[in-house]
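The values are calculated or read from the model by the stated rules, or taken from the named source; none is laboratory data. Everything numeric here is computed off the predicted structure, so don't read it as measured data. As a convention, Cβ positions derive from the backbone with ideal geometry for all residues, glycine included, and neighbour counts pool all protein chains shown. Quick note on the areas: whole protein, heavy atoms, side chains included, nothing else; ligands and nucleic acids left out. Shrake-Rupley method; radii C 1.70, N 1.55, O 1.52, S 1.80 Å.
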2 protein chains.
Amino acid sequence: MAVDLDDIDWAIIEQLQQEARISLSELGRRVRLSASATTERVRNLESLGVITGYHAVVDLTRVGYPVLAVVRLKYPGNRHQPLHRLLAERREILECLRTTGDDCYTLKVAATSMAHLEVLMGELADFGSTTTSVVYSQTLPARGPARP
Amino acid sequence: MAVDLDDIDWAIIEQLQQEARISLSELGRRVRLSASATTERVRNLESLGVITGYHAVVDLTRVGYPVLAVVRLKYPGNRHQPLHRLLAERREILECLRTTGDDCYTLKVAATSMAHLEVLMGELADFGSTTTSVVYSQTLPARGPARP
DNA sequence: GTCTTCTGCCGCGATTCTCCCGGTAGCATC
DNA sequence: GATGCTACCGGGAGAATCGCGGCAGAAGAC
């Protein structure tokens, strides 16, 4: 499952984690490789599934979602289909992790207001008992892994 | 704080959330605008702080971090500096949210093995009591917000 | 030793994109 | 109707991308 990556691969990954929109020639300059060799490396990392995508990140508050919450969902049954349907419909749910422990799922939810959050919590409560924590701040800007 | 965005801005945001490395001309084609107008809009979204960055996402397993965990940290004191230092040093900590409720912080941690996770948990336990849940799977690929 | 194959890199030319500019349509304001 | 303003378009210089052939070094066969 794990792919082995040399220093240059890691340098490429670090750069693209930070600034995904730099040109391949600029990236090549930074990792000291020609543009064509860099292109080949990047394509390779993509097709190996090491790099899974490139995403713009937006400021949730500035686009109208000032409320962010972490929800833990304790889900008694085994019937996961309806939850999956909700995840697909409700774009306010930004992330959903299935975990060990008492709380089967941990979700990250964005809301336009506390009233909106209340509505979303109502929908989630259909599936089991929830524990909600509102986020004060992102202490860390989300980031990717470094070389082990 | 919130910026008001029209349909075209949202179309641009949606496209760049999905595929951040498309060219500005291609983006322009998709949102039915000339390349130069598109460029101007994107620059504007960046300088308004709506778009905060572009990041490559990697497959954690394929780069050597097969273990992902969500850690809740109950932090009794008020002295947050040491934790901030740990966050800066330890790149295995991918995300850190400060939240309401009993557990002051919620972290996302990547580890190379359970043994490695154990070490990381030991370091976090210095700050307070922790609750760790290992992640089975990401039910949802992390995504950004849609138009409210 | 040397022949073959393979891998990773480079350089080149055709196409495409980016960047910066001036120009213009629409819409207020005076 | 003159003036500014905003958002857009088009054009041209320069840069980036893409696909190709070619080359150096390593590995393996004999």
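Figures for the structure shown
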| item | result |
| --- | --- |
| Within the accessible area of chain B (1.4 Å probe), percent carbon and sulfur | 50 |
| Net charge of Cβ neighbours under 9 Å - reference B:Asp103; Lys, Arg +1; Asp, Glu -1 | +1 |
| Solvent-accessible ranking of A:His80, A:His55, largest area first, probe 1.4 Å | A:His55, A:His80 |
| Area projected by the alpha carbon convex hull of the stretch A:40-148, averaged over all directions, nm² | 9.3 |
| Whole-Hz couplings from phi, Karplus 6.51/-1.76/1.60, listed for the stretch A:79-93; x for Gly and Pro | 8, 8, 3, x, 5, 4, 5, 4, 4, 5, 6, 8, 5, 5, 7 |
| Closest Cβ on chain A to the rotation axis that carries it onto B (distance rounded to whole Å) | A:Ala20, 2 |
| Estimated D of the protein assembly as shown in µm² per second, where Rh is the Kirkwood radius over Cα pairs and Stokes-Einstein applies at 20 °C, 1.002 mPa s | 105 |
| Relative contact order, percent, the stretch A:1-123 [alpha-carbon distance under 8 Å, six or more residues apart] | 20 |
| Relative contact order of the stretch A:7-47, pairs being alpha-carbon contacts under 8 Å that are 6 or more residues apart, as % | 33 |
| Assigned charges on the beta-carbon of Lys, Arg, Asp, Glu; the protein assembly as shown dipole about Cα centre (debye) | 120 |
| Summed buried accessible area for B+A [probe radius 1.4 Å, Å², rounded to 100] | 6300 |
| At 7 Å out from Cα toward Cβ: B:Arg32 inter-copy label distances (nm, ascending) | 5.0 |
| Derived scalar couplings ³J(HN,Hα) [the stretch B:107-112; Karplus, 6.51 cos²θ - 1.76 cosθ + 1.60; whole Hz; x for Gly, Pro] | 10, 10, 10, 10, 9, 7 |
| 9 Å beta-carbon shell around B:Ile8, net charge (K/R +1, D/E -1) | -1 |
| CD proxy at 222 nm, helix term only [per DSSP H run n ≥ 4: -39500 (n - 2.57); per residue of the protein assembly as shown; nearest 500] | -11000 deg cm²/dmol |
| Check: the stretch B:7-47 dipole with +1 on Lys, Arg Cβ and -1 on Asp, Glu Cβ, in debye | 140 |
